[in-house]
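Following: one structure in structure tokens, then a few remarks.
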Amino acid sequence: MRRVTMSICLLAALFLAGGVAAADETAAPQTAASGGSMKQVSLGNRLALYPSLLTVVGAEVQGRVNWLLVAHVGVLGHDRIVVSMNEDHYTTKGILADRKLSVNLVDRAMLPRADYVGSVSGAKVDKSQVFPCHRGANGSPIIDEAPVAMELNVVDIYKTPGFDNFICTVAATYAQPDMLDDEGRLDYRRLKPVLFEFPTYAYLATGEVIGKCLRLDKAPGMCAKLPMGPDGITRLSRIVVDPQYLEEYRKYAAEVGETSLREEPGVLTMYAVAEKDDPCRITILETYASQDAYKAHIASPHFQKYKQGTLKMVKSLELLDQTPLNPANRLNNFMEDR
């Protein structure tokens, strides 16, 4: 797939210099003083800026490409990033020699191989063939399938106990075309980069938009969602609309769908489509976290407005409950903030 080169100043990550080993993991939780009704619990001096962005670092070490999983990557100002790595890593030797590297963002498809390159040492295993790659304009190895990749130049190294923290400038940034919006900007709802949570060594997903920065007085794109429970519902609603009311019905359907996704944590998906050859035949994919979530939905004012307002418009309605073949392949819905 052809890549689009673009310049960005900010990587969506947290600044996590490598001081985790110094955290006091053995301190007993204590209640901290608080003037509010709820008191916080003291965890000692534990680093808690997680989850962090998961990346695969690429470098040439002794004439061979090597890959390493790195999650301690963050932003310094608007024109620097820091990549924090254990000083004993095999990859660190190549970066110290060449003063350049690549940072490749990880999506779900890449995750199994990214996990693998983080579990074996390049000093013992040849990891050069794990990811098909090419050389970027700066000469660093770039993973072909990475949704977003950056070539970095090391401009300084900040040492902490056991860690080399590489301060870098961005030489070039690359993105897969389908990771960009209509204006050529990175769209992290499409990208859905994987995050890493250090205390439990868990990978987390991203992609949900809950509001616009500095615009939270506006309606958020979608409220935080509940997990699908054992009594969750997956349903197809098949509707035939009277042609004379089609445009009016579409407005009612759009309003109830957007309001439900914005305001109801238990409404996970509401995706309506019309047949190309007969737009009066409409199918809605609906998923609800639980039976109670569905009951709350049909009792809501916005659903009742839709139901009562479209009674004369709907010629027939068929509700067909479905059994997902693979529940893990759940549709991740999102809406633009208008």
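Scanning region 17-33 for residues that are closer than 30 Å to VAL154 by Cβ and in a loop (DSSP other than H, G, I, E, B), we see that the one that is modelled with the highest pLDDT is ALA23. The number of residues in region 137-151 being touching a helix residue (DSSP H, G or I) at 6+ places or on another chain (Cβ under 9 Å) and closer than 18 Å to THR169 by Cβ comes to 3.
In region 75-110, of all residues being among the small types (Gly, Ala, Ser) and closer than 22 Å to VAL155 by Cβ, the one that is surrounded by the most Cβ atoms within 10 Å (Cβ to Cβ) corresponds to SER102. Looking only at region 88-110, residues that are within 13 Å of VAL70 (Cβ to Cβ) and in a loop (DSSP other than H, G, I, E, B) come to 2 in all. In this entry, LEU96 passes the filter for residues that are of a type outside the set (S, T, N, Q), over 22 Å from GLN176 (Cβ atoms), out of contact with any Gly (no Cβ under 9 Å at 6 or more places or on another chain) and modelled with pLDDT of 95 or more.
Taking the listed residues ALA171, ALA149, the one that is in contact (Cβ under 8 Å) with a residue 12 or more places away in the chain, under 21 Å from SER128 (Cβ atoms) and among the small types (Gly, Ala, Ser) is ALA149, with no other qualifying.
Results for (1) open to solvent by 50 Å² or more (accessible area, probe 1.4 Å); (2) outside any helix (DSSP H, G or I); (3) farther than 21 Å from ALA97 by Cα, shown as yes or no for each residue.
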| position | (1), (2), (3) |
| --- | --- |
| PRO112 | yes, no, yes |
| GLY122 | no, yes, no |
| SER128 | no, yes, no |
| HIS134 | yes, yes, no |
| ALA146 | no, yes, yes |
| VAL155 | yes, yes, no |
| TYR158 | yes, yes, no |
| PHE166 | no, yes, no |
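Considering ILE239, ILE210, the condition of being modelled with pLDDT of 90 or more and among the hydrophobic types (A, V, I, L, M, F, W, C) is satisfied by ILE239 alone.
Among the residues of region 263-312, those identified as within 12 Å of MET228 (Cα to Cα) and of a type in the set (A, V, I, L, M) are VAL267, LEU268, ALA289, ALA293.
Taking the listed residues PRO227, PRO265, the one that is under 31 Å from the mean Cα position of the chain (by Cα), exposed (fewer than 12 other Cβ atoms within 10 Å of the Cβ) and closer than 22 Å to LYS192 by Cα is PRO227, with no other qualifying.
Scanning region 158-208 for residues that are over 21 Å from GLY118 (Cα atoms) and of a type in the set (Gly, Ala, Ser), we see that the one that is farthest from the chain's Cα centre (by Cα) is ALA171. Taking (1) surrounded by fewer than 15 Cβ atoms within 10 Å (Cβ to Cβ); (2) closer than 17 Å to ALA254 by Cβ; (3) modelled with pLDDT under 95 in turn, ASN333 satisfies each apart from (1).
The values are calculated or read from the model by the stated rules, or taken from the named source; none is laboratory data. Treat the numbers as computed from the prediction; the structure is a model and nothing was measured. Neighbour counts run over all protein chains shown; Cβ positions are idealised from the backbone, glycine included. Accessible surface is based on the protein model in full, side chains and every heavy atom, while ligands, DNA and RNA are left aside. Shrake-Rupley method; radii C 1.70, N 1.55, O 1.52, S 1.80 Å.
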